[in-house]
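Visitor: Here's a structure for you.
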Amino acid sequence: MFILICMLLGISFTVWFTLLLVFIIVPAIFGVSFGIRRLYMKSLIKLFEWATLRMERGAKEKNQHLYKPNSNGIIAKEPVSLEQEIHEMRRGGAEPEFDMSDIFYFCRRGVESIVDDEVTKRFTAEELESWNLLTRSNYNFHHISTRLTALWGVGVLIRYGFLLPLRVTLAFTGVGLLVVLTSIVGLFPNGRMKNYLSDKVHLMCYRICVRSLTAIITYHDSENKPKNGGICVANHTSPIDVIILASDGCYAMVGQVHGGLMGVIQRAMVKACPHIWFERSEVKDRHLVAKRLSDHVADTSKLPILIFPEGTCINNTSVMMFKKGSFEIGCTVYPVAIKYDPRFGDAFWNSSTFGMVNYLLHMMSSWAIVCSVWYLPPMSRMEGEDAVQFANRVKAAIARKGGLADLLWDGGLKRGKVKEVFKEEQQKLYSKVLVGSSEDRSRS
């Protein structure tokens with residue numbers, strides 16, 4: 001009996017590994033696809049549409065109302081300056097001095113900010129208008145239909161019983177191959193052969209890791225892909241942004257030195273390719289960071305640097321302030337816009353709520369990761385343009401292409417308080433209203 005069980009386990013393992021090798025690992029090595037993931041995505045879309053219809057019918061039968069996001073009743077207004085709004089409130093005939101009615105402007109803006117805060121809601125999961133068989137936007141509808149509840153249960157079995165073990169196996173395979181093969185490539189002398197092997201190894205391993213998430217990625221405008229001697233900047237939603245981009249091209253990564261498994265991966269990768277890792281004590285030294293980045297891009301034989309200037313993960317509904325450091329170097333910048341489809345799984349990593357292991361478990365137990373990547377034309381700093389203006393111009397281009405909101409706020413507000421400089425800016429604007437412009441004072 002024991003021998004029979006061992007034989008069955010051996011056969012099962014052989015069949016499992018053969019299927020992985022033939023349908024996933026080998027296609028990843030050669031960068032081809034059988035179209036199975038696309039077919040899987042189309043099937044999911046039809047299933048979601050059917051489930052949503054059933055949910056709406058069930059809600060009507062029970063005389064309930066489905067929760068619709070963004071239904072707070074606030075009517076969006078075109079943004080206008082503080083000076084213009086106060087001028088309108090004073091009915092246009094007031095002198096440049098304090099008026100009691102000015103208080104109402106600040107009260108109204110304060111209430112609007114509390115009711116519809118455009119910053120903190122960027123650090124929570126994006127809301128869905130339809131059900132994706134993962135979670136429900138309103139817990140009142142957990143038992144709206146027996147058929148839907150049964151379908152949800154089948155989905156749990158599929159995701160945790162089949163997809164999760166498959167994806168974990170692929171993830172370990174991809175990461176294991178990355179560590180082993182980059183260590184071997186690192187033994188070669190520097191030259192074209194080493195660079196060629198390093199590129200092939202990185203692409204193969206990242207493509208296997210992408211398949212461990214059942215990631216379905218559509219790349220647009222590939223003629224604008226980043227080239228050596230430049231910096232690639234992209235909006236940041238998740239740690240998997242790295243493998244999403246690196247499965248279509250090779251990049252030099254930038255980051256802090258870690259310990260544990262991440263440290264093992266970093267040490268192996270840097271043997272095959274000149275990635276830029278900083279010690280914890282070096283991260284805050286802006287001049288040292290800028291010098292190492294400048295030295296890297298000055299060598300056109302080295303891969304383009306991949307940087308996420310927001311410095312934190314945003315929920316893929318907007319692009320927040322870009323840190324100016326990577327725009328001070330004076331090299332060509334290659335903007336990239338990444339937009340995820342939240343219907344199949346939420347890619348946003350809220351590091352304040354989930355640790356890395358819990359987040360990866362959440363990702364690997366979702367239906368799929370579907371996203372679009374746009375390579376924008378290269379951009380350079382214009383004459384008379386400072387680093388902040390250049391960063392804002394690049395950010396606006398990424399937001400426009402990805403269909404994201406362009407916000408001026410710092411993503412660091414996720415964990416910190418509003419900087420005094422923002423408060424002072426509002427005070428300066430109001431002081432202009434009180435004392436009048438320089439032209440008005442000269443006339444008087």
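Visitor: Go through 265-274, 349-358 and give me the packing order, highest mean Cβ count within 10 Å leading.
Guide: 265-274, 349-358
Visitor: Also, quick follow-up: Which value does Rg/Rh take for the stretch 150-409 over its C-alpha atoms, Rh per Kirkwood?
Guide: Radius of gyration over Kirkwood radius for the stretch 150-409 works out to 0.96.
Visitor: So for each of 21-29, 157-165, 242-250 I average, over its residues, the number of other beta carbons within 10 Å; can you give me the resulting order with the highest mean first?
Guide: Going from most to least packed, we get 242-250, 21-29, 157-165.
Visitor: If you roll a 1.4 Å probe over the heavy atoms of the protein chains, what accessible area per residue do you get for the stretch 150-409, in Å²?
Guide: Heavy-atom accessible area per residue stands at 44 Å².
Visitor: Students often check this: by mean Cβ neighbours within 10 Å, which of 295-302, 178-185 ranks highest, and how do the rest follow?
Guide: Result, highest mean first: 178-185, 295-302.
Visitor: If you take every residue apart from ILE184 with its C-beta less than 15 Å away from the C-beta of ILE184, what net charge results, scoring Lys and Arg +1 and Asp and Glu -1?
Guide: In short, +3.
Visitor: Checking the table LYS271/LYS395; LYS339/LYS395; LYS194/LYS302; LYS324/LYS401; LYS225/LYS302; LYS194/LYS324 against a 23 Å threshold on Cα-Cα, which pairs fail?
Guide: LYS271/LYS395; LYS194/LYS324
Visitor: Using 7 Å Cα-to-Cβ label points, what is the LYS227/TRP409 separation (nm, one decimal)?
Guide: Spacing of the two 7 Å Cα→Cβ label points: 3.9 nm.
Visitor: Keeping the other protein chains in place, figure out the carbon and sulfur percent of the accessible area of the stretch 150-409, with a 1.4 Å probe.
Guide: Whole-percent figure for carbon plus sulfur exposure: 62.
The values are calculated or read from the model by the stated rules, or taken from the named source; none is laboratory data. Predicted model, so just to flag it, every value in this text is computed and none were measured. Please note: Cβ atoms are built from the backbone with ideal geometry, for glycine as well, and neighbour counts cover all protein chains shown. The area values use the complete protein model at the heavy-atom level, side chains included, leaving out ligands, DNA and RNA. Shrake-Rupley method; radii C 1.70, N 1.55, O 1.52, S 1.80 Å.
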